[in-house]
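This report concerns only the one structure given below.
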Amino acid sequence: MSGQPASSSLVCETFTESDIEGAHALSLQFRWPHRSDDWRFAAAAGHGFVVREGKTVVGTALCWPWGEQGATLGLVIVSAGQQGRGIGRMLMERLLEALGTRMTVLHATEAGEPLYEKLGFRKIGLLHQHQGDSFTAPIVEPPPGERLRPLEPGDTPRLIELASRASGLDRSALVPPLLDVSRGVALVRGDTVRGFALLRPFGRGHAIGPVAVAADDGLHMQRAKALIADRLAANAGAFTRLDTPDEQGLGPWLESIGLARVDTVAKMARNGEPAHDPAVLQFAIANQALG
């Protein structure tokens, strides 16, 4: 496993905060929507590697360990002018070496799937990206006996529990920093939080996610729609993005209210796959890198 790219003009090093602006410029080459702040948030939550030619960032790849056994991987980019030189594979090998035997999840474009398959990943699902600014925020009533309310500081442990059970990944290190930059809503029955949704600045506007709901009584779709509709109403007229797993079947409803599906990527995993709790479902992820 090579520690450096084949060309002596290329250097691979640990990704640091000083690489954020260069990484942002690289992602703009591919019209990725990420702001510098989105890169900063992602880098603070994880670690990774950067390839430079001189002072120019020409490749990036980051990963995020979650708990003792899981991880996600993303923000894998190689400059168009440097592709075909093995940079992407080298970056991936460096990350996978660091992650060891952890179960690791990533979201892959069709072009990226062959490389990831060679590195031991297999396709386990699909993720649909919906977005728009001309949506209708419908009124969706919660299930009987449940109500929406703003998140409270004491909710954090329950939100971590729901997010972890829904994703199959330990979210104790992700939910608190997300809460710091989000406007969230909870769905409660009595004193028990049965679901939640976060809305935060991201990319071209805002993103909704994660959205996680209890699914032990067959009313999970109603819960998810009530939470998402509430966050859409809070962001009316502004560009909003939501990435939803295919298996939840939320896409037709999102399209019916004006959030068009603009992309679909493969969900892939290595060293097993996330152990989701079927009693809690995830209807939107935080983003494609963090899961």
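The values are calculated or read from the model by the stated rules, or taken from the named source; none is laboratory data. For clarity, every value in this text was computed on a predicted model and none was experimentally measured. Positions of Cβ are generated from backbone atoms using ideal geometry, with glycine treated the same way; all protein chains shown enter the neighbour counts.
Within the range 42-51, is even one residue over 28 Å from ASP170 (Cβ atoms) and in the same structural domain as ARG85 (by TED's automatic domain parsing)? Can you show your working first?
Our first condition is that a residue be over 28 Å from ASP170 (Cβ atoms); within the range 42-51, this holds for 51.
Checking the rest, the ones that are also in the same structural domain as ARG85 (by TED's automatic domain parsing) come to 51.
Among the residues of the range 42-51, at least one is over 28 Å from ASP170 (Cβ atoms) and in the same structural domain as ARG85 (by TED's automatic domain parsing), which makes the answer yes.
If you take the residues of the range 92-114 that are over 15 Å from THR72 (Cβ atoms) and outside any loop (DSSP other than H, G, I, E, B), which of them is nearest to the chain's Cα centre (by Cα)?
Ranking the candidates gives GLU113 first.
Can you find a residue in the range 118-136 that is within 15 Å of ALA61 (Cβ to Cβ) and outside any loop (DSSP other than H, G, I, E, B)? Spell out how you get there, then give the answer.
Residues of the range 118-136 within 15 Å of ALA61 (Cβ to Cβ): 119, 121.
Those left that are additionally outside any loop (DSSP other than H, G, I, E, B): none.
No.
Got a sec? Which of LEU75, LEU148 is in a strand (DSSP E or B), in the same structural domain as ALA224 (by TED's automatic domain parsing) and surrounded by 13 or more Cβ atoms within 10 Å (Cβ to Cβ)? Can you show your working first?
Working: LEU75 fails: in the same structural domain as ALA224 (by TED's automatic domain parsing).
Result of the check over LEU75, LEU148: LEU148.
Given LEU26, LEU115, LEU106, which one is farther than 21 Å from ALA269 by Cα and not charged (D, E, K, R)? I'd like the intermediate steps shown before the answer.
On the way: LEU115 fails: farther than 21 Å from ALA269 by Cα; LEU106 fails: farther than 21 Å from ALA269 by Cα.
From the options LEU26, LEU115, LEU106, the qualifying one is LEU26.
Tell me which residues, restricted to the range 240-289, are in contact with a Leu (Cβ under 8 Å, 6 or more places away or on another chain), within 17 Å of HIS220 (Cα to Cα) and polar (S, T, N, Q).
THR244, GLN248
Is there any pair linking a residue in the range 230-253 that is of a type in the set (S, T, N, Q) to one that is part of a strand (DSSP E or B) and modelled with pLDDT under 95, with Cβ under 7 Å and at least six apart or on different chains, and which?
Close Cβ pairs satisfying both conditions: none exist.
Okay, residues lined up against (1) under 23 Å from MET268 (Cβ atoms); (2) of a type in the set (Phe, Trp, Tyr); (3) under 18 Å from the mean Cα position of the chain (by Cα):
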{"position": "HIS34", "(1), (2), (3)": "yes, no, yes"}
{"position": "PHE49", "(1), (2), (3)": "yes, yes, no"}
{"position": "VAL57", "(1), (2), (3)": "no, no, no"}
{"position": "ALA61", "(1), (2), (3)": "yes, no, yes"}
{"position": "PRO65", "(1), (2), (3)": "yes, no, yes"}
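Among the residues of the range 176-221, write down those that are of a type in the set (Lys, Arg) and either surrounded by 23 or more Cβ atoms within 10 Å (Cβ to Cβ) or within 16 Å of GLU141 (Cα to Cα) (or both). Reasoning before the result, please.
So the first thing to find is which residues in the range 176-221 are of a type in the set (Lys, Arg), and the list is 183, 189, 194, 200, 204.
Result: ARG189, ARG194.
crowded, with 16+ Cβ neighbours inside 10 Å and in a loop (DSSP other than H, G, I, E, B): does that describe PRO143? Before you say what the answer is, go through the steps one by one.
Numbers: crowded, with 16+ Cβ neighbours inside 10 Å: yes; in a loop (DSSP other than H, G, I, E, B): yes.
Yes, satisfied.
Taking the range 21-58 only, how many residues are outside any helix (DSSP H, G or I) and either surrounded by fewer than 19 Cβ atoms within 10 Å (Cβ to Cβ) or hydroxyl-bearing (Ser, Thr, Tyr) (or both)?
Taking the range 21-58 first, the residues outside any helix (DSSP H, G or I) are 30-35, 46-58.
Among the residues that remain, those that are also either surrounded by fewer than 19 Cβ atoms within 10 Å (Cβ to Cβ) or hydroxyl-bearing (Ser, Thr, Tyr) (or both) are: 30-33, 35, 47, 52-56.
The total comes to 11.
Take the range 223-272 and flag every residue that is under 16 Å from GLY125 (Cβ atoms), assigned to a helix (DSSP H, G or I) and touching a Gly at 6+ places or on another chain (Cβ under 9 Å).
Restricting attention to the range 223-272, the residues satisfying the condition of being under 16 Å from GLY125 (Cβ atoms) are 243-251, 261, 263-270, 272.
Restricting the remaining residues to those that are assigned to a helix (DSSP H, G or I) gives 246-248, 251.
Across the range 223-272, the qualifying residues are ASP246, GLU247.
If you check every pair at least six apart or on different chains, which have Cβ atoms under 6 Å apart with a residue in the range 42-60 that is touching a residue at least 40 places away in the same chain (Cβ under 8 Å) first and a residue that is of a type in the set (Gly, Ala, Ser) second?
What qualifies is ALA42/ALA289; GLY48/ALA61; PHE49/ALA61; VAL51/GLY59; GLU53/SER9; VAL58/SER79; THR60/ALA23.
Could you figure out which of (1) out of contact with any strand residue (DSSP E or B) (no Cβ under 6 Å at 6 or more places or on another chain); (2) touching a residue at least 60 places away in the same chain (Cβ under 8 Å) isn't true of LEU75?
(1)
For the list (1) in contact (Cβ under 8 Å) with a residue 12 or more places away in the chain; (2) outside any helix (DSSP H, G or I); (3) farther than 23 Å from LYS267 by Cα; (4) small (Gly, Ala, Ser), I need the number of the one condition that GLY218 fails.
Condition not satisfied by GLY218: (1).
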